[in-house]
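Visitor: Here you go, one structure.
The values are calculated or read from the model by the stated rules, or taken from the named source; none is laboratory data. The structure displayed is predicted, hence computed values, not measured ones. Here Cβ is always computed from backbone atoms with ideal geometry, including for glycine, and neighbour counts include all displayed protein chains. Heads up: the accessible areas ignore ligands, DNA and RNA and are worked out on the full protein's heavy atoms, side chains in. Shrake-Rupley method; radii C 1.70, N 1.55, O 1.52, S 1.80 Å.
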Amino acid sequence: MTGSEVPRRRSDVTRTAILDAARERFASDGYERATVRAIARDAGIDPSMVMRYYGSKEGLFAAVIDVELDFPDLSELDPDQLGVVLVTHFLDLWERDTVLRTLLRVGVTNASGSDRLRQVFATQLVPAARAFVPDPADAERRAALVASQVLGMALVRYVLQFGPAADMSRQDVVAWLAPTVQRYITAEAP
């Protein structure tokens, strides 16, 4: 092991600890109430280390909400299965990763969060929709309709935890939402 590997490893461990603590703190407190001091305390480090690695609370937040939707390969998909595949994929994302929940919670109250949500929508969801919509010029509107369904369900199921939505089985959520998502993407415009 060279001398340069040890500091890099410590640096990686510190960055990971900061990001983990920040995800939890932003998710529980929101952007406005989360503080660099609280995040540093949760990570077991001095607050100056947060500033050293991320420059500011906003810089840290930007690192925390780096979101990739990681869509499965949709090129070989039967278009009639798109609704099921998308809803299942979004449920997997929401259940696997607190970053999306954090982004949704903060996105409704913070300009940086809502900007990031719009960016994810424009750069990831719209291109995925464009491959399936009857008229590619209508992809943004149709992707927005899909987003209304998946973000709405995520809000009531994972953030607000409304009993009926939070208690539904995954199969029921897919059964209810998939036909609507399917229609939004592939049906002829009304």
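Visitor: Can you tell me the orientation of helix 170-186 relative to the chain, as the angle in degrees between its alpha-carbon axis and the longest Cα principal axis, to the nearest 10?
Guide: So the helix axis and the longest Cα principal axis differ by about 70 degrees.
Visitor: Expressed as a whole percentage, what fraction of the accessible surface of the range 99-189 belongs to carbon and sulfur atoms when a 1.4 Å probe is rolled over the protein heavy atoms?
Guide: Carbon plus sulfur share of accessible area: 58 percent.
Visitor: While we're on this one: When ranked by the protection proxy of mean other Cβ atoms within 10 Å per residue, highest first, what sequence do the peptides 95-104, 165-174 form?
Guide: Final packing ranking: 95-104, 165-174.
Visitor: To the nearest 10 degrees, how steeply does helix 139-154 sit against the main Cα axis of the chain, on a 0 to 90 scale?
Guide: The angle comes out near 60 degrees.
Visitor: Tilt of helix 111-120 relative to the longest C-alpha principal axis of the chain, in degrees (0 to 90, nearest 10)?
Guide: Helix 111-120 sits at roughly 50 degrees to that axis.
Visitor: Then there's this: What percentages, rounded to whole numbers, describe P(r) for the range 33-177 computed over all alpha carbon pairs with 5 Å bin width beginning at zero?
Guide: 2, 8, 16, 19, 17, 14, 10, 6, 4, 2, 0
Visitor: Accessible area per residue for the range 8-90 in Å², computed with a 1.4 Å probe and the full protein assembly in place, what is it?
Guide: 55 Å²
Visitor: Before anything else, pin down the relative contact order of the range 38-190: Cα pairs under 8 Å, at least 6 apart, normalised by residue count, whole percent.
Guide: Relative contact order here is 26 percent.
Visitor: Sorted by packing (mean other beta-carbon atoms within 10 Å per residue), highest first, where do 79-86, 19-26 land?
Guide: In decreasing order of mean packing, 79-86, 19-26 become 19-26, 79-86.
Visitor: Taking a 1.4 Å probe, which of Trp176, Trp94 shows the most accessible area, and what order do the others take after it?
Guide: In descending accessible area the options line up as Trp176, Trp94.
Visitor: With every protein chain left in place and a probe of 1.4 Å, what is the accessible surface of Asp46, to the nearest 10 Å²?
Guide: 90 Å²
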